[in-house]
Amino acid sequence: FTIAHEIGHARLHADDHYDRAFRRDPNSAAATDPAEMDANAFAAALLMPAEWITERWAEATDLLDNDWVVKTARDFGVSTQSLLYRVENLGLLRPKRS
């Protein structure tokens, strides 16, 4: 995810990417900087395409299905936390319709 995040900076913020890469501060991980949020969104979309996660989500009973979370995170090569953020950001936590 970190590498994909940095690729996101390089693609989205080429003008100031190198300055950002070496300038970390306490706010860098606070999810308040639009450039950091853009890079996170880029990384999530690259590693966990919306269509693929949505298809997989249809197999899950709910977010409490830890086996689904662990297996899916492993299959996509991401942390469970990254996967859970992606599921949430895609709006998949709304109740499923029958």
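Taking the criterion of being open to solvent by 70 Å² or more (accessible area, probe 1.4 Å) and at pLDDT 85 or above, would at least one residue in the range 9-22 satisfy it? Checked against the condition, which is being open to solvent by 70 Å² or more (accessible area, probe 1.4 Å) and at pLDDT 85 or above, the range 9-22 yields at least one hit. The selection criterion, being farther than 24 Å from THR2 by Cβ and either modelled with pLDDT under 95 or not small (Gly, Ala, Ser) (or both), does not hold for TRP52.
The residues on offer are ALA35, ALA30, ALA45, ALA60, and the sole one that is modelled with pLDDT under 85, open to solvent by less than 60 Å² (accessible area, probe 1.4 Å), not in a loop (DSSP other than H, G, I, E, B) and not basic (Lys, Arg) is ALA35. Taken together, the residues in the range 67-90 that are under 9 Å from the mean Cα position of the chain (by Cα), in a helix (DSSP H, G or I) and in contact (Cβ under 8 Å) with a residue 24 or more places away in the chain amount to 6.
The values are calculated or read from the model by the stated rules, or taken from the named source; none is laboratory data. Note that the coordinates shown come from a computational prediction; the quantities given were computed from them, not determined experimentally. Glycine also receives a Cβ, built like all others from the backbone with ideal geometry; neighbour counts cover every protein chain displayed. For the accessible areas, the whole protein counts, side chains as well, though only heavy atoms, and no ligand, DNA or RNA atoms are used. Shrake-Rupley method; radii C 1.70, N 1.55, O 1.52, S 1.80 Å.
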